[in-house]
């Protein structure tokens with residue numbers, strides 16, 4: 001799978017939902033180790049509006065295949081003025097260690113991106129999310145390290161990275177922050193609030209910006225439901 005004078009290190013100090021709840025996902029880029037429970041579904045949907053008159057509508061549906069394993073199918077549509085780009089993604093996640101049991105959560109994620117407009121596989125990626133809960137699970141630090149291959153004109157491979165997490169402000173309201181990028185020095189930041197509106201439903205409101213292009217920024221609203 002989106003700024004000025006905002007503190008650049010905000011994402012480094014905001015630390016995730018308790019790992020028993022589904023954490024970052026949807027429009028948030030730095031992934032956690034949450035895996036959809038066996039035989040249950042996780043539906044995520046979000047809308048992003050960028051300062052450059054670009055918007056994105058996206059949705060992802062995950063299914064728990066077995067304990068510690070899920071498969072995800074996603075679709076997104078990006079609009080730049082009157083032009084639009086459609087893409088789809090197929091991904092899988094495997095949980096290696098559970099943060100609640102082992103003190104640290106580690107997972108492996110692989111995915112393929114498909115360009116609907118060009119009718120071809122466009123991107124492949126693999127990364128390792130790590131969750132480190134602290135303060136009895138009230139805070140969790142999150143780290144991702146991975147690889148991505150994009151079949152663009154350069155047909156390039158890049159290493160990807162990300163740091164993030166969230167902290168409880170009051171019960172059912174959490175602050176989320178993240179910073180992420182790749183070895184080619186493209187760095188973006190996002191921060192936002194997550195509201196637990198029901199036992200298995202979340203509402204996200206987020207804001208992001210490009211580190212080297214602060215005038216490029218975006219707002220996002222997203223929802224997530226387990227059923």
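The residue pairs whose first member lies in segment 65-82 and is modelled with pLDDT of 95 or more, whose second member is crowded, with 17+ Cβ neighbours inside 10 Å and part of a loop (DSSP other than H, G, I, E, B), and whose beta carbons are closer than 7 Å, counting only pairs six or more residues apart or on different chains, are 68/35; 69/35; 70/35; 70/36. For segment 115-128, the set of residues classified as surrounded by fewer than 18 Cβ atoms within 10 Å (Cβ to Cβ) and in a strand (DSSP E or B) consists of 115, 120, 121, 123, 124, 126, 128, listed by residue number. Over 26 Å from residue 95 (Cβ atoms) and outside any strand (DSSP E or B) - does that describe any residue in segment 186-204? Yes; the residues of segment 186-204 include at least one that is over 26 Å from residue 95 (Cβ atoms) and outside any strand (DSSP E or B).
Taking the conditions exactly as written (closer than 30 Å to residue 199 by Cα, modelled with pLDDT under 95 and out of contact with any strand residue (DSSP E or B) (no Cβ under 7 Å at 6 or more places or on another chain)), does residue 100 satisfy them or not? In short, yes. Restricting 56, 70, 81 to those that are in contact with a strand residue (DSSP E or B) (Cβ under 6 Å, 6 or more places away or on another chain) and more than 20 Å from residue 130 (Cβ to Cβ) reduces the list to 56.
Within segment 129-137, does at least one residue satisfy the condition of being surrounded by 15 or more Cβ atoms within 10 Å (Cβ to Cβ), modelled with pLDDT under 95 and not in a strand (DSSP E or B)? Yes, segment 129-137 contains a residue that is surrounded by 15 or more Cβ atoms within 10 Å (Cβ to Cβ), modelled with pLDDT under 95 and not in a strand (DSSP E or B).
Got a sec? Which of 169, 176 is under 23 Å from residue 139 (Cβ atoms), in a strand (DSSP E or B), at pLDDT below 95 and touching a helix residue (DSSP H, G or I) at 6+ places or on another chain (Cβ under 9 Å)? Break it down stepwise before answering.
Working: 169 fails: touching a helix residue (DSSP H, G or I) at 6+ places or on another chain (Cβ under 9 Å).
Sole residue among the options that is under 23 Å from residue 139 (Cβ atoms), in a strand (DSSP E or B), at pLDDT below 95 and touching a helix residue (DSSP H, G or I) at 6+ places or on another chain (Cβ under 9 Å): 176.
Listed residues 92, 105; which is modelled with pLDDT of 95 or more and touching a helix residue (DSSP H, G or I) at 6+ places or on another chain (Cβ under 9 Å)?
Working: 92 fails: touching a helix residue (DSSP H, G or I) at 6+ places or on another chain (Cβ under 9 Å).
105 is the lone residue from the list that is modelled with pLDDT of 95 or more and touching a helix residue (DSSP H, G or I) at 6+ places or on another chain (Cβ under 9 Å).
The values are calculated or read from the model by the stated rules, or taken from the named source; none is laboratory data. Only a predicted model underlies this, so the values are computations on that prediction, with no experimental measurement involved. FYI the Cβ positions are ideal-geometry reconstructions off the backbone, even for glycines, and counts take in every protein chain you see.
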